[in-house]
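Chemist: Shown below is the structure under consideration.
The values are calculated or read from the model by the stated rules, or taken from the named source; none is laboratory data. Quantities reported herein were computed from a predicted structural model and do not represent experimental measurements. Methodologically, a virtual Cβ is constructed for each residue, glycine included, from the backbone with ideal geometry; neighbour enumeration extends over all protein chains shown.
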Amino acid sequence: MTLTSSIGASRRQALQGLVAGAALVAAPTLWAQALGATGQGRLVVVFLRGACDGLSAFVPYADPDYARLRNSIAIPPPDGSAQSALRLDASFGLHPALAPLLPLWQQGVFSFVPAAGSPDATRSHFEAQHHWETGIPGKNSDAPGWLNTLAGLRGSTAATVAIGVGEANPQILAGAVPVKLIPKGQAAMRQGALGDERTRAAVLNLYAGSDALSQAFRAGADSRMQTAQTLDMAQHQAEMMAADNGAASAAGLLLDAQHLGTLMRQDRRLRLGFLSAGGWDTHANQGNATGALANNLANLGRALVQLRRDFSAPGDVIVVLSEFGRTSAENGTRGTDHGHGNAMWLIGDAVQGSRWHGQWAGLASGNLHEGRDLPVLHDFRGVLAQVLRRTFALSDTQLATVFPGGNWDKGLDGLMRG
């Protein structure tokens, strides 16, 4: 059975499928290996806009082609120094800037799929992000975001279950189902969210205390209000703006993660969270153990540790995505260009951690996509289906509603516990 078995199902039919979920879960289908799912988890999606370099985050140090392809930007193999990769196993190491995540790996709650992505080979940030956010590779026309569709399956007319912090209108949350959006920074200014006194007061009320988070939020909000006109005049490099697609830089991700955790703790009906960060389009001066990418990874690592603190119940899962990877070889400006396959990151008790999952073909030229990129050996929808099946006990019909045209990936069985 494939996810395409009920592409034509209406929203009403999908909701009826939720009521009949117990019977569907019990059916002897390809989903049967996840019968232990409780459906009580929470999901947080972190989107790295601009195409994060997965070959620097998860360093294939044992591959002899890695250092050859990246003469100046390769991360040195694990040797115990602060400039070298942190050993995960005999094949991969972790970027040293991600050291805060190493304990999660050692605790068995952190994993990754090294060669995942969209089967559509576009190198356009806009197109690729649209495909990932709608869950329909190759389709550039309007469609609801898959998190919005999922919210329709998980929620009701009386309760909002999805929230996004940072972007004003992320496509992944767009659709007919009401969601809660807390835009920040330039996104807030463009949409007038913090300029709306009622909205601003409601958000500030959440942070009315004397704790550090409350003070930081109020200071940031006041600063953004005072500099709205200045922000409108700011000029950014054109391609970087396109790649970020409305997301703020990774420098603010920790505060966004704290806000998201606070809001979802205050309203336990919120089961789906979304964050994003831009600045990952590293065409030039990418750096290796230090530099622009390392700085972004350090900010990301701190944010993920914070998210793990707030989302550590047995069914909670944090997933980190990026629209495509980057070239295996560095370019002439000591950066990397738009690629294809990339790593997907997963954190949570429900994740079978301390190991990576799926296929890995290495960096030999004959194994690369178009001779230059990591191939996509696992459709991103197959990775997410494993997560949704375990975290929310979705039936095959419901998975087909969230990801039309996808298929169950048996090669990833074992990614999730239970």
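Chemist: Can residue 7 be described as aliphatic (A, V, I, L, M) and modelled with pLDDT of 50 or more? Working first, answer last.
Modeler: Working: aliphatic (A, V, I, L, M): yes; modelled with pLDDT of 50 or more: no.
Spelling it out, it is not the case that residue 7 is aliphatic (A, V, I, L, M) and modelled with pLDDT of 50 or more.
Chemist: To continue, here is another question. If residue 354 satisfies every condition in (1) touching a residue at least 60 places away in the same chain (Cβ under 8 Å); (2) farther than 20 Å from residue 62 by Cα but one, which is the exception?
Modeler: Of everything listed in (1) touching a residue at least 60 places away in the same chain (Cβ under 8 Å); (2) farther than 20 Å from residue 62 by Cα, residue 354 misses just condition (2).
Chemist: So residue 308 passes all but one of these: (1) out of contact with any Leu (no Cβ under 7 Å at 6 or more places or on another chain); (2) closer than 19 Å to residue 112 by Cβ; (3) crowded, with 22+ Cβ neighbours inside 10 Å. Which condition number does it fail?
Modeler: Every condition holds for residue 308 apart from (1).
Chemist: Scan 278, 261, 246 and give me the residue that is modelled with pLDDT under 95, surrounded by 17 or more Cβ atoms within 10 Å (Cβ to Cβ) and of a type in the set (Gly, Ala, Ser).
Modeler: Values: 278 fails: modelled with pLDDT under 95; 261 fails: modelled with pLDDT under 95.
Of 278, 261, 246, the one residue that is modelled with pLDDT under 95, surrounded by 17 or more Cβ atoms within 10 Å (Cβ to Cβ) and of a type in the set (Gly, Ala, Ser) is 246.
Chemist: Against the definition (among the hydrophobic types (A, V, I, L, M, F, W, C) and either modelled with pLDDT of 95 or more or touching a Cys at 6+ places or on another chain (Cβ under 8 Å) (or both)), how does residue 188 come out, yes or no?
Modeler: Numbers: among the hydrophobic types (A, V, I, L, M, F, W, C): yes; either modelled with pLDDT of 95 or more or touching a Cys at 6+ places or on another chain (Cβ under 8 Å) (or both): no.
No; evaluated as a whole, the condition is false for this residue.
Chemist: Anything in the stretch 340-355 that is surrounded by 22 or more Cβ atoms within 10 Å (Cβ to Cβ) and either out of contact with any helix residue (DSSP H, G or I) (no Cβ under 9 Å at 6 or more places or on another chain) or of a type in the set (Asp, Glu) (or both)? List them, or say none.
Modeler: 340
Chemist: Of the residues 121, 128, only one is touching a strand residue (DSSP E or B) at 6+ places or on another chain (Cβ under 9 Å), in a loop (DSSP other than H, G, I, E, B), among the hydrophobic types (A, V, I, L, M, F, W, C) and at negative phi; which?
Modeler: The conditions single out 121.
Chemist: Run down 28, 77 and say which single residue is part of a loop (DSSP other than H, G, I, E, B) and either modelled with pLDDT of 95 or more or aliphatic (A, V, I, L, M) (or both). It would help to see each step written out before you state the result.
Modeler: Details: 28 fails: either modelled with pLDDT of 95 or more or aliphatic (A, V, I, L, M) (or both).
From the options 28, 77, the qualifying one is 77.
Chemist: Tell me which residues, restricted to the stretch 112-163, are of a type in the set (Gly, Ala, Ser), closer than 24 Å to residue 267 by Cβ and surrounded by fewer than 18 Cβ atoms within 10 Å (Cβ to Cβ).
Modeler: Pass one, the stretch 112-163, residues of a type in the set (Gly, Ala, Ser): 115-118, 121, 124, 128, 135, 138, 141, 143, 145, 151-152, 155-156, 158-159, 162.
Imposing the further condition that a residue be closer than 24 Å to residue 267 by Cβ reduces the set to 145, 151-152, 155-156, 158-159, 162.
Residues satisfying the conditions are 156, 158, 159.
Chemist: Tell me the residue from 397, 391, 401 that is closer than 17 Å to residue 318 by Cβ and hydroxyl-bearing (Ser, Thr, Tyr), please.
Modeler: On the way: 397 fails: closer than 17 Å to residue 318 by Cβ; 401 fails: closer than 17 Å to residue 318 by Cβ.
None of the others qualify; the one that does is 391.
Chemist: Could you say which residue among 80, 93 is crowded, with 16+ Cβ neighbours inside 10 Å and either within 30 Å of residue 169 (Cβ to Cβ) or among the small types (Gly, Ala, Ser) (or both)? Walk me through how you get there before you give the answer.
Modeler: Details: 80 fails: crowded, with 16+ Cβ neighbours inside 10 Å.
Only one candidate passes the filter, namely 93.
Chemist: Scan the stretch 397-409 and tell me whether some residue there is surrounded by fewer than 19 Cβ atoms within 10 Å (Cβ to Cβ) and of a type in the set (A, V, I, L, M, F, W, C).
Modeler: The first filter runs over the stretch 397-409 and keeps only residues surrounded by fewer than 19 Cβ atoms within 10 Å (Cβ to Cβ), leaving 405, 407.
Still in the running and of a type in the set (A, V, I, L, M, F, W, C): none.
The answer is no; no qualifying residue exists.
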